[in-house]
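What follows is calculated from the coordinates using simple rules that are stated; it is not laboratory data. Keep in mind that what you see is a predicted model, and the values were worked out from it rather than measured. Note that we place each Cβ from the backbone using ideal geometry, even for glycine, and neighbour counts take in every protein chain shown.
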Amino acid sequence: MSLAEAHACWVPLNKEVVVARPVPCGATPLTEPASVTHAEKSEERVDMPATALFCATATDAILDTGASRCVMGKSLLPGFLQQLSETVRAQVKVMQSAVRFRFGNNQTLLSDRRILLPFKTASRKTLWLSIEVVPGKTPLLFSKKAIKQLGGLIDTEKDVVHLRRLPKSLPMRVGPTGLYLR
């Protein structure tokens, strides 16, 4: 998948109830707020991204199988957006959001926005990926659900995640705390 190939058709979304429905160009808008009417076929939706797929260079992100959604700190957002191709960056949408996250240290943070990113699957469908943005420097966290919906298989022997829906394989680094990074 080339970043220049990313294409999206934007549909206004209600942050409380989002209906995932085809739009004229064949794209499917996707997010993961508190209550959602999902696409009929699970393979047509991705709630959160393996965001490194949108980057010209790799960005540190943590594969967090305990995370309910993809999330990142507000202070990391400008650098993340600069890594996107100009074509994709022009299509990124920012929405208001209010999702409360509880982290392992019992700290809670409330997201104030959600960014939506487009990408194309191997079958040329455009999917919307969602990242909640919270105050501070929270590293980019990817949930198990996000990887699963990308058709992800985590090979812990070779430290690679295979994203079968793209199809693409991404090498993973093991960070100093033993977490998978990309």
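Before moving on, here are some points about what is shown:
- Using the Cβ-Cβ distance between residue 112 and residue 87 with R0 = 25 Å, the FRET efficiency computed as 1/(1 + (r/R0)^6) comes to roughly 0.40.
- Net charge of Cβ neighbours under 12 Å - reference residue 136; Lys, Arg +1; Asp, Glu -1: +1
- One chain, two ends: residue 123 and residue 65. Fully extended at 0.36 nm per residue, the span grows by 18.2 nm beyond their Cα-Cα distance.
- Nonlocal amide H pairs with residue 67, under 5 Å, H built at 1.01 Å: 144
- Cα-centre dipole for the range 54-165 with unit charges at Cβ (Lys and Arg positive, Asp and Glu negative), debye to 20: 480
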